[in-house]
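S.K.: Quick one: this structure, given as structure tokens, is what I'll be asking you about.
The values are calculated or read from the model by the stated rules, or taken from the named source; none is laboratory data. Nothing here was measured: the structure is a model prediction, and the numbers come from that model. As a convention, Cβ positions derive from the backbone with ideal geometry for all residues, glycine included, and neighbour counts pool all protein chains shown.
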Amino acid sequence: MTAALEEARRAEKRQAAPFRKDKIVAEPKKPGRKPGKDYGTHVRRTVPADVPVTEQYEARLPEQCPHCDSMNLASLGHTDEQFQTEIECRTVRRRFVVYRGCCLDCGMPLEGRHPLQTSTVTGAAREQLGAKAHALMSVLNKQMGLSHGKIAWLFEKVFRLKISRSTSVRSVERTGRRCEPAYEQIRRDVRAAEQVTPDETGWRVGGRKGWLHVFATRNTTCYEVDPTRSIAPAERLLGLDWSGRLVHDGWSVYDRFVNAIHQQCNTHLLHRCRELLEVARRGAVRFPRDLQALLQKGLATRDRYQQGAISEHGLLVAAGRLTTQLGRLVDGQFTHDGNRRLAHFVADHLDEVFAYLRHPGMDATNYLGEQAVRPAVVNRKVWGGNRTWLGAHAQSVLTSVIRTCLQRGIDILSFFAEVLTRPNPLLIPP
């Protein structure tokens, strides 16, 4: 009965939206910074440097007073200035004159190619869109979460460029094909990384259930949409003999990476402790409370090491002591079902709770994976996933390239535009 109640409670707390608040405050504080000595630096919009004024207008006095309708007005003899920066969206129509010829030695036909061309096709398919237009479609769809119909509406209303929904679909798939070499480079970079943080979330392909698998490092992220929630994507990417540092949320399939150094996410463990404390009564509160204290002590020890308060030898000693205390804590009899399940899990992964203390620089949580999953979850909730597995593969490729470029400080629009105009494959700079 207790297990059924706990399961129902946890199901009720599952988020219907990615950033739903658990508690609503009756009288919330006023948003924004408060006046006073702690306010900080006052920041105002400044005039952009070296930007000439392209238009000038005069805001003259009205003919009559708007308050009393009097016509007896007088000028004070001075004026003020105000500056405004406006956006002006326009389209550029290019005409390419393509020269054709042949090689006098081998007889092969030749044709000219301009760096701004996205294709050499002529004839019935000679009317094409530019690289920036194609790049923007991919970013709007995969990063901003706009559907293809909304992209078509945006192009027509903002750029006065009428396209169909299918144009956006084909453009995104084409950009995905052009980014295949960059995607393979991302997979190689993840495989060669010292630490990888995997995670997964539900996905939809053609209205059917699928899974989005994420593999994140500090400067690279790889996504892969797969029909199953299995070890197959991780095995294809890393290989079961991979021997790096694996930080994860405790999903059992990751245990098959026997050569890897595992770190169980401490945030997930702390969350389970808080859930148990919400329903525990009397003596049942001791175990989650003591486990929570141990986990927080480990994180505090890491912070002291990073601040230089303790040496690396002291860090290793603290890791051994905390692991010993943790072993004594979980080695007991538990009457509460939730406590027993959590204790068994910790006992089975005893050396993986404080691995980040034995390996300085290793993350204690799967924060990187959670942050990589978040934008994908938001997009899925907006437009529901992919319609075909071809689109799902393009989703994997483009979101991997976008996320990795953001991590490495690369302008994604410029990168996509260059990918679409260069005849040779383009890789992502490190």
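S.K.: Out of region 317-326, which residues are exposed (fewer than 14 other Cβ atoms within 10 Å of the Cβ) and under 36 Å from the mean Cα position of the chain (by Cα)?
M.R.: Of everything in region 317-326, just one residue is exposed (fewer than 14 other Cβ atoms within 10 Å of the Cβ) and under 36 Å from the mean Cα position of the chain (by Cα), namely GLY320.
S.K.: From the list ARG208, ARG204, pick out the single residue that is at pLDDT below 95 and surrounded by fewer than 13 Cβ atoms within 10 Å (Cβ to Cβ).
M.R.: Only one candidate passes the filter, namely ARG208.
S.K.: Under 7 Å between Cβ atoms, which residue pairs at least 6 apart in sequence (or on different chains) link something in region 416-430 that is under 18 Å from VAL190 (Cα atoms) with a partner that is of a type in the set (A, V, I, L, M) and assigned to a loop (DSSP other than H, G, I, E, B)?
M.R.: ILE428/ILE410; PRO429/ILE410
S.K.: Just to verify a result, which residue in region 80-116, among those that are within 30 Å of LEU61 (Cα to Cα) and modelled with pLDDT under 90, is nearest to the chain's Cα centre (by Cα)?
M.R.: Here the answer is ILE87.
S.K.: Give just the number: which of (1) within 19 Å of the chain's Cα centre (by Cα); (2) on the phi > 0 side of the Ramachandran plot does ILE186 not satisfy?
M.R.: Failing condition for ILE186: (2).
S.K.: Here's something else I'd like to know. Kindly evaluate TRP242 against the criterion of being of a type in the set (Phe, Trp, Tyr), within 25 Å of the chain's Cα centre (by Cα) and surrounded by fewer than 22 Cβ atoms within 10 Å (Cβ to Cβ).
M.R.: yes
S.K.: Among the helices (runs of 4 or more DSSP H) lying completely within region 124-199, list those that include at least 1 residues that are without any contact (Cβ under 8 Å) to a residue 60 or more places away in the chain, over 27 Å from LEU427 (Cα atoms) and of a type in the set (A, V, I, L, M, F, W, C).
M.R.: Once the helices (runs of 4 or more DSSP H) in region 124-199 are filtered for at least 1 residues that are without any contact (Cβ under 8 Å) to a residue 60 or more places away in the chain, over 27 Å from LEU427 (Cα atoms) and of a type in the set (A, V, I, L, M, F, W, C), what remains is 148-159.
S.K.: Just give me the residues in region 211-221 being closer than 11 Å to GLY369 by Cβ and not in a loop (DSSP other than H, G, I, E, B), in sequence order.
M.R.: The answer is HIS213, VAL214, PHE215, ALA216, THR221.
S.K.: Out of all the residues in region 322-348, which are within 21 Å of HIS262 (Cα to Cα) and either among the aromatic types (Phe, Trp, Tyr) or touching a His at 6+ places or on another chain (Cβ under 7 Å) (or both)?
M.R.: PHE345
S.K.: Within region 378-401, take every residue that is closer than 15 Å to LEU146 by Cα, modelled with pLDDT of 90 or more and of a type outside the set (Gly, Ala, Ser) and give me the one that is nearest to the chain's Cα centre (by Cα).
M.R.: THR399
S.K.: So, VAL346, is that one free of Cβ contacts under 8 Å to residues at least 60 places away in the same chain and of a type outside the set (Ser, Thr, Tyr) or not?
M.R.: On the way: free of Cβ contacts under 8 Å to residues at least 60 places away in the same chain: no; of a type outside the set (Ser, Thr, Tyr): yes.
So VAL346 does not fit the description; no.
S.K.: While we're here: In region 351-360, which residues are over 15 Å from ALA260 (Cα atoms) and part of a helix (DSSP H, G or I)?
M.R.: Of everything in region 351-360, just one residue is over 15 Å from ALA260 (Cα atoms) and part of a helix (DSSP H, G or I), namely LEU357.
S.K.: In addition: Would you call GLU224 touching a residue at least 40 places away in the same chain (Cβ under 8 Å), of a type in the set (Asp, Glu) and part of a helix (DSSP H, G or I)? Can you show your working first?
M.R.: Working: touching a residue at least 40 places away in the same chain (Cβ under 8 Å): yes; of a type in the set (Asp, Glu): yes; part of a helix (DSSP H, G or I): no.
In short, no.
S.K.: On the basis of being among the small types (Gly, Ala, Ser) and closer than 18 Å to THR365 by Cα, does ALA343 make the cut?
M.R.: Spelling it out, it is not the case that ALA343 is among the small types (Gly, Ala, Ser) and closer than 18 Å to THR365 by Cα.
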